[in-house]
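Peer 1: Pasting a structure here, questions to come.
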Amino acid sequence: MSMNQTPMSERVHIGFFGRRNAGKSSVMNAVTGQDLAVVSDVKGTTTDPVYKSMELLPLGPVVMMDTPGIDDEGELGGLRVRKSYQVLNKTDAAVLVIDGAVGVSEEDAALLERIRKKGIPFVVTVNKKELMAPGMEKQIREKFDLDDSQMLAVSAASGEGIHELKERIALIAKTEEPEKYLVRDLLEPADVAVLVVPIDSAAPKGRLILPQQQTIRDILEAGAVSVVVREKELKDALSKLASKPKMVITDSQAFEQVAEDTPKDILLTSFSILMARYKGNLEQAVRGVTALDALEDGDTVLISEGCTHHRQCDDIGTVKIPRWIREYTGKEIQIETTSGTEFPDDLTKYKLIIHCGGCMLNEREMKYRLSCADDQGVPMTNYGIMIAYVKGILKRSVQVFPEIYNLL
Ligand SMILES: Nc1nc2c(ncn2[C@@H]2O[C@H](COP(=O)(O)OP(=O)(O)OP(=O)(O)O)[C@@H](O)[C@H]2O)c(=O)[nH]1
Ligand SMILES: [Mg+2]
């Protein structure tokens, strides 16, 4: 990702799903006006999800996601179907492509049921309109109990209906969410916020990570002042400031030292706490972390990463967190880890799930994981909050948010 692009996690994710040969890739290509995905009359042409970031008018920054057919067979086919269903977890708007020449199947019905259950806005798109038998549209509408706005007949080949499909996607994908901020609402113009960013071997080369960039941006939006230092320079920096800063925001890894070096009358919090609030899961994460106190010998904890390539997270997830859990609880805890799009369906065997901050996951995927845990009654928290908790500084770090502070 280039530094100038909208982050993946902030883009509207549009997924194309359906059976093999229905024309998923063709419809996606037609909607974008680009040859993004390979098209052929061989069933199972698309074998892996294809992601493409782009500007799609009238929507803005999106990620277009093409998927393998949901009716693929055999061992490999089954894995592909699973991949497609995983893509669904990050989909903000689903295009269910049906082959108008063939009609619907049980696979389509199962997929639509899943889409409805997840509350994902969708449009059933009957493709190959020119080959469609008379009465087909009515039949599909009735079978799936669709209203007019949920269904559209198109032809990727001739382009008929594609413009309308684009507008329909834009309409369903538009989420009217209230404005939310990382820190902007906590700062007055000219307030000073000191950001603590450790530069160690785990830090990415030559740049800051996304939550840090976003926090700096949000401080600029507030008309406030950001001072960025490493943990080693924090004390010195605080003594050099002419007026007391409003808050110190630290990377969770340096929490302990930063808490020590920051006078008690300065608010202290972390990037991951701010990020969790931004994503709407701070309360669940704070409630979740207290499950650490109830762990017993032999209990299993799941540590889950959103990405597969983040060295910094990797080191925390596989080495440090397991160690802290064992040190804090003093119990023999079994640890399991997952990364990337892998997230177990059945969470009931876990006593606690500790997830990364999810900076690389889109909101829907993160929300989905949180609600899976919630539905199954499994407490879930995140790395930063768990670190603050085991180091005994969580309470202080959520002082900025009284409703959360009162939970502890
Ligand atoms: N007649 C007609 N053929 C179409 C249309 N759209 C796609 N096709 C053809 O249908 C075949 C399958 O199209 P794809 O876009 O590869 O289908 P897919 O759903 O992506 O298939 P898999 O990747 O194999 O799952 C190709 O031969 C396309 O040329 C259409 O609107 N009309
Ligand atoms: Mg395809």
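Peer 1: Of all residues in the stretch 258-290, how many are outside any loop (DSSP other than H, G, I, E, B) and either under 30 Å from residue 366 (Cα atoms) or outside the structural domain of residue 231 (by TED's automatic domain parsing) (or both)?
Peer 2: Number satisfying all stated conditions: 23.
Peer 1: For residue 395, indicate whether it is charged (D, E, K, R) and over 16 Å from residue 280 (Cα atoms).
Peer 2: The answer is yes for residue 395.
Peer 1: Inside the stretch 230-255, can you point out the residues that are touching a Leu at 6+ places or on another chain (Cβ under 9 Å) and surrounded by fewer than 19 Cβ atoms within 10 Å (Cβ to Cβ)?
Peer 2: Once the filter is applied, which keeps residues that are touching a Leu at 6+ places or on another chain (Cβ under 9 Å) and surrounded by fewer than 19 Cβ atoms within 10 Å (Cβ to Cβ), the stretch 230-255 yields only 244.
Peer 1: Could you tell me whether any residue of the stretch 43-54 is touching a residue at least 60 places away in the same chain (Cβ under 8 Å) and assigned to a strand (DSSP E or B)?
Peer 2: no
Peer 1: All but one of (1) away from ligand 1 (no atom under 15 Å from the Cβ); (2) in contact with a Ser or Thr (Cβ under 8 Å, 6 or more places away or on another chain); (3) of a type outside the set (Gly, Ala, Ser); (4) assigned to a strand (DSSP E or B) hold for residue 16; state the number of the condition that does not hold.
Peer 2: (1)
Peer 1: Which one is nearest to the chain's Cα centre (by Cα) among residues in the stretch 102-122 that are within 16 Å of ligand 2 (Cβ to nearest atom) and open to solvent by 50 Å² or more (accessible area, probe 1.4 Å)?
Peer 2: Taking the stretch 102-122 first, the residues within 16 Å of ligand 2 (Cβ to nearest atom) are 102, 107-108, 111.
With the extra rule that they be open to solvent by 50 Å² or more (accessible area, probe 1.4 Å), the set shrinks to 102, 107.
Working: 102: 35, 107: 26 Å.
Looking at residues that are within 16 Å of ligand 2 (Cβ to nearest atom) and open to solvent by 50 Å² or more (accessible area, probe 1.4 Å), I get 107.
Peer 1: Here's a check for you: in the stretch 12-38, which residue that is open to solvent by 20 Å² or more (accessible area, probe 1.4 Å) and more than 16 Å from ligand 2 (Cβ to nearest atom) is modelled with the lowest pLDDT?
Peer 2: 12
Peer 1: Would you be able to tell me the number of residues in the stretch 52-80 that are more than 16 Å from ligand 2 (Cβ to nearest atom) and small (Gly, Ala, Ser)?
Peer 2: 4
Peer 1: How many residues are open to solvent by 10 Å² or more (accessible area, probe 1.4 Å) and of a type outside the set (D, E, K, R) when one looks only at the stretch 68-101? Spell out how you get there, then give the answer.
Peer 2: Kept after step one, since they are open to solvent by 10 Å² or more (accessible area, probe 1.4 Å), are these residues of the stretch 68-101: 70-76, 78-83, 85-86, 89-90, 92, 99, 101.
Filter once more, keeping what is of a type outside the set (D, E, K, R): 70, 74, 76, 78-79, 81, 85-86, 89, 101.
Qualifying residue count for the region: 10.
Peer 1: If we keep just the residues of the stretch 267-291 that are β-branched (Val, Ile, Thr) and open to solvent by less than 10 Å² (accessible area, probe 1.4 Å), which is nearest to residue 399 (Cα to Cα)?
Peer 2: 269
Peer 1: Can you tell me which residue among 92, 41 is away from ligand 2 (no atom under 16 Å from the Cβ) and outside the structural domain of residue 365 (by TED's automatic domain parsing)?
Peer 2: 92
The values are calculated or read from the model by the stated rules, or taken from the named source; none is laboratory data. Remember, it's a predicted structure, so these values are computed and weren't measured experimentally. Neighbour counts run over all protein chains shown; Cβ positions are idealised from the backbone, glycine included. Side chains are part of the model used for accessible areas, which takes the heavy atoms of the whole protein and leaves out ligands, DNA and RNA. Shrake-Rupley method; radii C 1.70, N 1.55, O 1.52, S 1.80 Å.
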